[in-house]
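Chemist: My questions all concern the structure below.
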Amino acid sequence: MFKFLKRLRGKDVDASAPEQENQPAAIIEVLPELDVPAKDVAPVEQEAETKTQTTALKSDIVANNAESKEPDLVSVELPKRSLGTGIRSLFSDSMDIDELEDILILADFGVETAEEIATELKREANRQGATTDPELRLLLKDLLAKRLSRTDSALNLDDGTLPYVILVVGVNGAGKTTTIGKLARWLKDGDWEVVLGAADTYRAAAVDQLETWAKRADSPIVKPVKEGADPASVAYQTVEMAIRTQADIAIIDTAGRLQNKKDLMDELGKLRRAVEKQTKISEVLLVIDATNGQNAMSQARAFTEVAEVTGIVMTKLDGTAKGGILYALQKELNLPIKLVGVGEQINDFAFFSPEEFAKGLVAKK
Ligand SMILES: Nc1nc2c(ncn2[C@@H]2O[C@H](COP(=O)(O)OP(=O)(O)OP(=O)(O)O)[C@@H](O)[C@H]2O)c(=O)[nH]1
Ligand SMILES: [Mg+2]
C-alpha cells in the first residue's frame, strides 16, 4: 500500500481518545460575487495576508521540528478500497490461446500490443508447459500485471507541502465531480481534512452536484454564488481557505465544456496561476471515461497538451469490456493511471492496482 503524509492531529497522537460525539457539520463557504478577473479578486492586501499565512505555516513546521522531536506530519495509509468485481473479464468462455490476439484488439489494447501479448503468452505457455484454462489465465494475468505496473502510480501526497492541491480536469461527463466526491470521502475516512472547490462555474447544477458530494464527504466547499463566476477566483479562494483552516488537501473541480483548445489552455493557465500564488499544485488529474474507447485517447492527448497532467483517473471501468484502453493510454501518453472508478457509488473507487486489474480481466465468469 502507498504511504502518504498528512498533518499530525490530536487523533493521530492518541488513538485511544474517545470519539467526539457530535462531529462538526460541513461548513459551506459561500463566496461574495466573483465574476471579475482573478487579479481583481485577489487584492494586494489579501495576497500579502495569504503569503504571511503560508510562510507562518511552513515555519511552524520547521520551528516545531526544531523544538521537539514530535513530527508535524504523519505517515498514513488510506483505507483499503478494492476494484472488486468492477472489472469486466475479457473472456465469456474458457480462454482460447489462438483467439487471444483478436480478443485483446476488441478490448482496445491496440493492434501492436495485442500481437505482442499473444506472442509472449504462447512462448511462455510453451516454455512452462501451461495448457489448462486456469494455467493460461494465470500466465496472462502475470503478463498483463507486469506490463501495467509503474513506479509512479501513487498520488503525490508525500512531500509535506500542505495543503496539497489537486486539480481535476477532463471533458464533460467523464466523471470529474463524482471522482472528487469519492476521493474526498476516502481521504476523510483516513482523517484528512479536505476542502473542495467548485471551479466549474458554468452551470449552477455543477456546483450543486459538487455540494452534494461535499456533504457526503463531510467536507467544506468553496463555491461561487452565481453562474459564470471566474473559476480562477474560486480556485484561489479554495486554496486560501485550505491554508487558513489548516486543511491537508484542496481538491478543485473544473469545467470540461470549453469550446476549443485555446480557451481550455487560457482557463486552466489562469486557474493554475491563481493557485500558484499561494502554493504549488501537487497533482493535475485527468479524468477519462473508459467507455469512450478510442475517443478517450484523443481527449487525453488534447488535455495533456494543455494541462500539465500528472496522472490519469480512469472511470466507468465497470461499464466497458474495453478495459484495454487503460493499458493503451498509460503506454501511449507515458502517464500513470493513478485512480480508477468502477461504479457510481461512493466506495466504487480505488488506487489503480495492476495486479487487481489484470485479475479482473482474466477472471472466470
Ligand atoms: N458506472 C459508472 N458511472 C460513473 C463512474 N464515475 C462517474 N460516473 C457517472 O458518470 C456521470 C457523469 O459524472 P460526473 O461526475 O458528473 O462527470 P463530470 O466530469 O463532472 O461532468 P461535467 O460536470 O458535466 O463536466 C454520472 O452519472 C456519474 O454517476 C464510474 O466509475 N462508473
Ligand atoms: Mg462535474
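The values are calculated or read from the model by the stated rules, or taken from the named source; none is laboratory data. This one's a predicted model, so the numbers in the text were calculated from it and none came from an experiment. Please note: Cβ atoms are built from the backbone with ideal geometry, for glycine as well, and neighbour counts cover all protein chains shown.
Chemist: On the given criteria, is residue 318 within 16 Å of ligand 1 (Cβ to nearest atom) and either of a type in the set (Ser, Thr, Tyr) or in contact with a Ser or Thr (Cβ under 6 Å, 6 or more places away or on another chain) (or both)?
Modeler: no
Chemist: Still on this model: What tally of residues in the stretch 200-237 results from selecting those that are within 21 Å of residue 269 (Cβ to Cβ), out of contact with any helix residue (DSSP H, G or I) (no Cβ under 8 Å at 6 or more places or on another chain) and not in a loop (DSSP other than H, G, I, E, B)? Let's see the steps before the verdict.
Modeler: So the first thing to find is which residues in the stretch 200-237 are within 21 Å of residue 269 (Cβ to Cβ), and the list is 200-202, 206, 222, 224, 228-237.
Now narrow it down to the ones that are out of contact with any helix residue (DSSP H, G or I) (no Cβ under 8 Å at 6 or more places or on another chain): 202, 228-229, 234.
Those still in the list that are not in a loop (DSSP other than H, G, I, E, B) too: 234.
Result for the stretch 200-237: 1.
Chemist: Given the options 179, 161, 119, name the one that is under 15 Å from residue 283 (Cα atoms), of a type outside the set (Lys, Arg) and modelled with pLDDT of 95 or more.
Modeler: Working: 161 fails: modelled with pLDDT of 95 or more; 119 fails: under 15 Å from residue 283 (Cα atoms).
Exactly one of 179, 161, 119 is under 15 Å from residue 283 (Cα atoms), of a type outside the set (Lys, Arg) and modelled with pLDDT of 95 or more, namely 179.
Chemist: If the requirement is being farther than 20 Å from residue 349 by Cβ and either of a type in the set (A, V, I, L, M, F, W, C) or under 20 Å from the mean Cα position of the chain (by Cα) (or both), which of these qualifies: 217, 247?
Modeler: Numbers: 217 fails: farther than 20 Å from residue 349 by Cβ.
Answer to the check: 247.
Chemist: For residues that are in contact (Cβ under 8 Å) with a residue 24 or more places away in the chain and among the charged types (D, E, K, R), scanning just the stretch 122-145, find the one that is surrounded by the most Cβ atoms within 10 Å (Cβ to Cβ).
Modeler: 137
Chemist: Just checking, does the stretch 254-263 include any residue being of a type in the set (Lys, Arg), within 16 Å of ligand 2 (Cβ to nearest atom) and not in a strand (DSSP E or B)?
Modeler: Within the stretch 254-263, one or more residues are of a type in the set (Lys, Arg), within 16 Å of ligand 2 (Cβ to nearest atom) and not in a strand (DSSP E or B).
Chemist: So which residues in the stretch 270-292 are farther than 20 Å from residue 178 by Cβ, of a type outside the set (Val, Ile, Thr) and in contact (Cβ under 8 Å) with a residue 24 or more places away in the chain?
Modeler: Answer for the stretch 270-292, where residues must be farther than 20 Å from residue 178 by Cβ, of a type outside the set (Val, Ile, Thr) and in contact (Cβ under 8 Å) with a residue 24 or more places away in the chain: 270, 271, 272, 273, 274, 277, 278, 280, 282.
Chemist: Checking the condition surrounded by 24 or more Cβ atoms within 10 Å (Cβ to Cβ) and among the β-branched types (Val, Ile, Thr), which residue from 284, 225, 275, 234 passes?
Modeler: On inspection, the qualifying residue turns out to be 234.
Chemist: Within the stretch 246-265, count every residue that is surrounded by fewer than 18 Cβ atoms within 10 Å (Cβ to Cβ), touching a residue at least 12 places away in the same chain (Cβ under 8 Å) and more than 10 Å from ligand 1 (Cβ to nearest atom).
Modeler: 3
Chemist: Select, from 181, 190, 173, 160, the only residue that is surrounded by fewer than 21 Cβ atoms within 10 Å (Cβ to Cβ), within 16 Å of ligand 2 (Cβ to nearest atom) and either in contact (Cβ under 8 Å) with a residue 24 or more places away in the chain or of a type in the set (Asp, Glu) (or both).
Modeler: 173
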